[in-house]
1. In Å³ and rounded to a whole number, note down the convex hull volume per residue for the Cα atoms of the chain.
2. Between region 371-416 and region 119-154, what is the separation of their alpha carbon centroids in Å?
3. Note down the nm distance, to one decimal, between modelled labels 7 Å out along Cα→Cβ at residue 287 and at residue 340.
4. Of the peptides 48-54, 87-93, 214-220, how do they stack up when ordered by the mean number of other Cβ atoms within 10 Å, highest first?
5. Sketch the reach of a paramagnetic label on residue 26 as a point 7 Å from Cα along Cα-to-Cβ, and name the residues of region 301-337 whose backbone nitrogen lies under 12 Å away.
6. With each pseudo-label sitting 7 Å past Cα toward Cβ, what's the residue 311-residue 220 distance in nm, one decimal?
7. Which value results for Rg/Rh of region 75-129 when Rg is the Cα radius of gyration and Rh the Kirkwood radius based on the inverse mean 1/r?
8. For the pair residue 304 and residue 243, how long in nm is the line joining their label points, each one 7 Å along Cα→Cβ?
């Protein structure tokens, strides 16, 4: 996210870094690794090896997101605003790889540590349509998606803390209204491509065909609209590139797909992010005297989460790992910088965008990770519906950005 007067850059880390690489921030790196070790000890000793392994996978997610500068928000914006489809083609590579990894795991039905494996397959309905649309609007105002919010917080993006605050608040509102959207609004049952096409083998063939068609469509759009190229990204040379500078986008896509497969294999469910925001916010609301336990969202299997420690929650532990992994990576890369001045319009956009994303993610059965990435990789039709509606939301979001002093890519720009 960028203010027109440029007093502060609040876009995702990858969109604000240019030029040569600065020196590592040794002090920040020491804090990051120290916090990482302490939290790791608490998770392993208090909640077992499985939970500890998932925490470490979260740390690796944070490192990969930072080094790949992996953008969901920017990819959607670039495609809608100027027809630059390179970012979305990287998404398609990630989805194709994740689908190929998920298919045999889901077919087997079991993973490590005795985990029963289950994909993110969710119902189709008005809640997904509206929720994904709101998320698309929100991520263009908030300056980051769910994963981008966490790794940007870890990288020192002060304004993104406001997006996270709004995210938590919106998630609580979505949990409060959960019963209305899931029980009173019209909808269809979950649809798995594996059930439609006779198993995960057939579903994988169909899914790869869909992914290929989408990638081809972005090439056609780019040739017609002749968009600016992607901005150059700094990088170290040789082996130093692993810990400093940018990874190739294709490498980031493959690493994220592999880590999501590892999450499914170890945890029994694919990667998710925003359910933890609803948990954190609901726990805070309960501490203030709100009877969140009476909400439909916190009935059934989720009820125990309100009483259990936060570190017992898989998604929370992985979210903490993402922040600390990104913090360590940003410190070693020399890009960890806290901002002290945040323009009022940026504050408003961050909070509004966060609330829209939090609310949208809850009622749409997930965010850009839980619904889009993990949903599509799980062969759930709701993942594709989510992606389409988020693109529509992006269309509105990029038209609202100038009201908050935020830039939008233009055909005449030198780069996106």
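Taken together, the values in this text are just the output of simple stated rules run on the coordinates, not laboratory data. Note that this is a predicted model, so its numbers are computed, not measured. Because the Cβ atoms are built from the backbone with ideal geometry, glycine has one as well, and the counts that use them run over all protein chains shown.
1. About 139 Å³ per residue, rounded to a whole number.
2. Cα centroid to Cα centroid, the span is 9 Å.
3. Label at residue 287, label at residue 340, 2.9 nm between them.
4. 87-93, 48-54, 214-220
5. Under 12 Å, as judged by backbone N against the label point of residue 26, lies no residue of region 301-337.
6. 5.4 nm
7. My calculation puts Rg/Rh at 1.15.
8. 4.0 nm
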